[in-house]
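Step one of this worksheet: look at the structure below.
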Amino acid sequence: ENYIVSNYIAEFWNSITNGVFVALALLGMHTTIKHHQGKRVFACYAALMFVGCGSACFHATLKYTTQLLDELPMLYLCGLVLYALVEIDKETKHGIKAPLALITMQATITAIYVFWIQSPVFHQVAFALTAFGGVGCGLKRLNEMQLSRRTKRILGRMHLLGHVGMWGGFFVWNLDNIFCHRLRSYRSHIGSPLDVFFQLHGWWHILTAYGSTYLLLWVHFIRLARLGHDHLFTVKYRLGFLPYIAMKAPKKVD
């Protein structure tokens, strides 16, 4: 089904659905700059955008070099999230040691994957371990703080929606792998534009884009709570479906 929609894009729907990553990441980057919320949080949103761009490049070209751009940025994003949670305070505590350890770990995994164990399973295990490490560190940070009921409610909702998006996307991705030939037959039979509903790999991109964003919002709000600024912020939606952290509207006084 390559180059069917466009002569220039191999997998059209799998490429353009990565635009959701980019849109959500840009909104997060804009919020971080607007409210001066730190380079570490900004770097996490930037890495999310890199994930979307890398995946779009791969699905547009289907080359091995761009496949690495599809896979490795996910690992780097998780590493940056882990670092942002380790160095959650305004001033860093570990100096050069924490980023140096992170860079060494990521460089080692990258070298092993590129030059030695070129297996998707190795990448998936490394990604899962880094991701679970970030979630575990985030939960540890929450246990260290006294949070208001409102903040707990916001954090709980972001955490839940993040996991729903990630695990829902993982489920859809597996369905696409298992029933690939049958889905291809359905798409051929139904034709455009309804075949888009059976582009499950594209839906995996959309679900994981939202899941990743909600988990980044979770991390972002944990940092706000750590700095004592959580009461000033909330989660809003641009255009009704793009979540981001924004200043609370002041209460009107009659």
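Checked against (1) open to solvent by 90 Å² or more (accessible area, probe 1.4 Å); (2) touching a residue at least 12 places away in the same chain (Cβ under 8 Å); (3) within 17 Å of His30 (Cα to Cα); (4) hydrophobic (A, V, I, L, M, F, W, C), Trp203 passes all but condition (3).
Residues in the range 7-26 that are closer than 30 Å to Met247 by Cβ and touching a helix residue (DSSP H, G or I) at 6+ places or on another chain (Cβ under 8 Å): Asn18, Gly19, Val20, Phe21, Val22, Leu24, Ala25, Leu26. When restricted to residues that are open to solvent by less than 30 Å² (accessible area, probe 1.4 Å) and aromatic (Phe, Trp, Tyr), the range 42-73 contains 1. Within the bounds of the range 77-88, is there any residue that is outside any helix (DSSP H, G or I) and free of Cβ contacts under 8 Å to residues at least 40 places away in the same chain? Within the range 77-88 (the criterion being outside any helix (DSSP H, G or I) and free of Cβ contacts under 8 Å to residues at least 40 places away in the same chain), the answer is no, since none of the residues qualifies.
For the range 195-241, the set of residues classified as more than 27 Å from Asp70 (Cβ to Cβ) and assigned to a helix (DSSP H, G or I) consists of Phe221, Ile222, Arg223, Leu224, Ala225, Arg226, Asp230, His231, Leu232, listed by residue number. Considering the range 4-41, the residues that are of a type in the set (Val, Ile, Thr) and within 21 Å of the chain's Cα centre (by Cα) include one that is most open to solvent (accessible area, probe 1.4 Å), namely Ile33.
The set of residues in the range 116-155 being open to solvent by 40 Å² or more (accessible area, probe 1.4 Å) and under 16 Å from Leu217 (Cβ atoms) consists of Leu139, Arg150, Lys152, Arg153.
Among the conditions (1) at positive phi; (2) surrounded by 22 or more Cβ atoms within 10 Å (Cβ to Cβ), the only one that Leu239 does not satisfy is (2).
Exactly one residue out of Phe233, Phe197, Phe221 is closer than 24 Å to Glu11 by Cβ, modelled with pLDDT of 90 or more and not charged (D, E, K, R): that is Phe197.
Can you list residue pairs whose Cβ atoms sit under 7 Å apart, with the first residue in the range 158-184 being over 11 Å from Trp203 (Cα atoms) and the second being in a helix (DSSP H, G or I) and charged (D, E, K, R)? Count only pairs 6 or more apart in sequence or on different chains. Pairs that qualify, where the first residue is over 11 Å from Trp203 (Cα atoms) and the partner is in a helix (DSSP H, G or I) and charged (D, E, K, R), are Leu183/Asp176.
For Met166, the requirement of being closer than 30 Å to His229 by Cα and open to solvent by 40 Å² or more (accessible area, probe 1.4 Å) is met.
What do you reckon, is Ile178 under 25 Å from Ala23 (Cβ atoms) and either open to solvent by 20 Å² or more (accessible area, probe 1.4 Å) or in contact with a His (Cβ under 6 Å, 6 or more places away or on another chain) (or both)? In short, no.
The values are calculated or read from the model by the stated rules, or taken from the named source; none is laboratory data. In this text, all values refer to a predicted model and were calculated from it rather than measured experimentally. As a convention, Cβ positions derive from the backbone with ideal geometry for all residues, glycine included, and neighbour counts pool all protein chains shown. Protein only, heavy atoms only, side chains kept; ligands, DNA and RNA dropped before computing areas. Shrake-Rupley method; radii C 1.70, N 1.55, O 1.52, S 1.80 Å.
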